[in-house]
């Protein structure tokens, strides 16, 4: 059931009438185009069906890509002047890269939820919307749809068969590797072909070593070559050298590569986030994913020797969506976007466990297993409120520099010191 704080279809339409900005267009159906990497295709199709039913006269045409392919498609469309009406975004670097193509979204939000629209969202979702905006730019270039934590997951039967608990320290990670590795199970399965996943692991390492320091470096208040950054990069390399991350990781994609191996029970641990819950609602899920019965989340282990992972978590906005300046019908685009956040489409989205809601009050209509409900409650009641730092970085050049450095260090082409110099060079190139 949807919480009473959510807009029902009738109150949504009433709000539209009150604010007078979203009157339905006369004549032919209005088509709204959408491109993104998330939500997944099956989920997006359910959202579209619900939203079109709630808003007669609007048709939605969508295309969902794997993340790397989406980035290429978006770059191509931006270069060719053919960006769609709605585009999937991450806070910070990706939004800033396409800011010139985006219309401010706060007027859309206010037209539906009123001037205090921010109160409808979890605070972390609003806090990260303007990540990386230039000084003095108070616009919101998108609205949050989903939030998340980033963390590790463990495969319950793999650890049970090994007689081990989820590791809390690096030494326990090594014991895990020595126990399951010889049998062909990846201690920590990483699809390291994807830069975003390499970055996710490093962000957890640097958060472990020096919480918050990377955000100071983004503002020029620290250097990326400072000792804590090099230490975190050294731990990244050790994960490969100690065969905690599986051999061949740099040649394996996150999706579908590592996903298929994880669901086949070939991984003890893997670095995904709250979005992994959606595996349970994909068509014909394998046994481990059915009802999420075979997986559980765990914090990233401590590598500092203190013995416990940090209490706070990294995360924030998973997916935000922006309305582009070239949208053929901005009012129709606004209707679609806000319905996907807090209306009929949003309920379909959350029913699939695609990730955690940005809009307060949404909860799945049902749970298949006790473990699935326990995981949802852990995320929404305990972990999401403790998110302190953003998963994302502010600038595209720094983000790319870090992802490239992580690949080079893992491959042995650069030392940790040289890798962090690559990141500093990327920062210097934008700060001159």
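Structure data summary
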{"item": "Helix 195-209 vs. the chain, principal-axis angle (Cα, 0 to 90°, nearest 10)", "result": "60 degrees"}
{"item": "Fewest-first ranking of 235, 196, using other Cβ atoms within 10 Å as the exposure measure", "result": "196, 235"}
{"item": "Where only alpha carbons of segment 221-351 are counted, the Rg and the Dmax (Å)", "result": "19.9, 56"}
{"item": "Computed label-point distance, nm, for sites residue 431 and residue 61 using a 7 Å Cα→Cβ extension", "result": "4.5 nm"}
{"item": "Beta bridges by DSSP in the chain, antiparallel share as percent, to the nearest 5", "result": "60 percent"}
{"item": "Viscosity 1.567 mPa s, temperature 4 °C, Stokes-Einstein D of segment 190-284 from Kirkwood C-alpha radius, µm²/s", "result": "88 µm²/s"}
{"item": "Computed over segment 188-257: relative contact order in percent, which uses C-alpha pairs under 8 Å that are six or more apart", "result": "56 percent"}
{"item": "All-pairs alpha carbon distance profile, segment 287-432, 10 Å steps from 0, percent", "result": "9, 23, 29, 25, 13, 1"}
{"item": "Between 0 and 90°, nearest 10: helix 41-54 axis offset from the chain longest Cα axis", "result": "20 degrees"}
{"item": "For the chain: relative contact order, % (alpha-carbon pairs under 8 angstrom, 6 or more apart)", "result": "28 percent"}
{"item": "Cα pair count fraction exceeding 30 Å, expressed as % - the chain", "result": "42 percent"}
{"item": "In nm, spacing of pseudo-spin labels at residue 242 and residue 378 (7 Å Cα→C-beta vector)", "result": "2.2 nm"}
{"item": "Spin-label pair residue 71/residue 156, simplified geometry with 7 Å Cα→Cβ offset, distance in nm", "result": "3.5 nm"}
{"item": "Least to most buried among 108, 334 (fewest other Cβ within 10 Å first)", "result": "108, 334"}
{"item": "Linear extension gain, residue 386 paired with residue 115, 0.36 nm per residue minus alpha-carbon span", "result": "94.9 nm"}
{"item": "Largest-first ellipsoid semi-axes for segment 219-274, taking √(5λ) over the Cα gyration tensor eigenvalues, angstrom", "result": "29, 14, 10"}
{"item": "For segment 358-399, alpha-carbon Rg and Dmax in angstrom", "result": "14.8, 43"}
{"item": "Shape category assigned to segment 161-219 from the gyration tensor of Cα positions, a/c cut at 1.5", "result": "oblate"}
{"item": "Residue-span extension gain [residue 417 to residue 308] - 0.36 nm each, minus C-alpha spacing", "result": "36.6 nm"}
{"item": "Cubic angstrom per residue, convex hull over Cα atoms of segment 258-324", "result": "149 Å³"}
{"item": "Neighbour-count order for 138, 45, fewest beta carbons within 10 angstrom listed first", "result": "138, 45"}
{"item": "Rg to Rh, two decimals, where segment 120-182 supplies the alpha carbon set and Rh follows Kirkwood", "result": "1.30"}
{"item": "Bins of 5 Å from zero: percent of alpha-carbon pairs in segment 16-164", "result": "2, 7, 13, 17, 19, 17, 11, 6, 3, 3, 2, 1, 0, 0"}
{"item": "Crossing angle, helix 9-19 versus the chain [Cα axis fit, 0-90 degrees, rounded to tens]", "result": "70 degrees"}
{"item": "Kirkwood Rh (inverse of mean 1/r, distinct Cα pairs), segment 85-138, angstrom", "result": "12.2 Å"}
{"item": "Radius of gyration, Dmax [segment 79-209; alpha carbons; angstrom]", "result": "20.8, 59"}
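Quick note: the coordinates plus some simple rules give every number you see, no bench work behind them. Only a predicted model underlies this, so the values are computations on that prediction, with no experimental measurement involved. Heads up, the Cβs are rebuilt from the backbone with ideal geometry, glycines too, and the neighbour counts pull from every protein chain shown.
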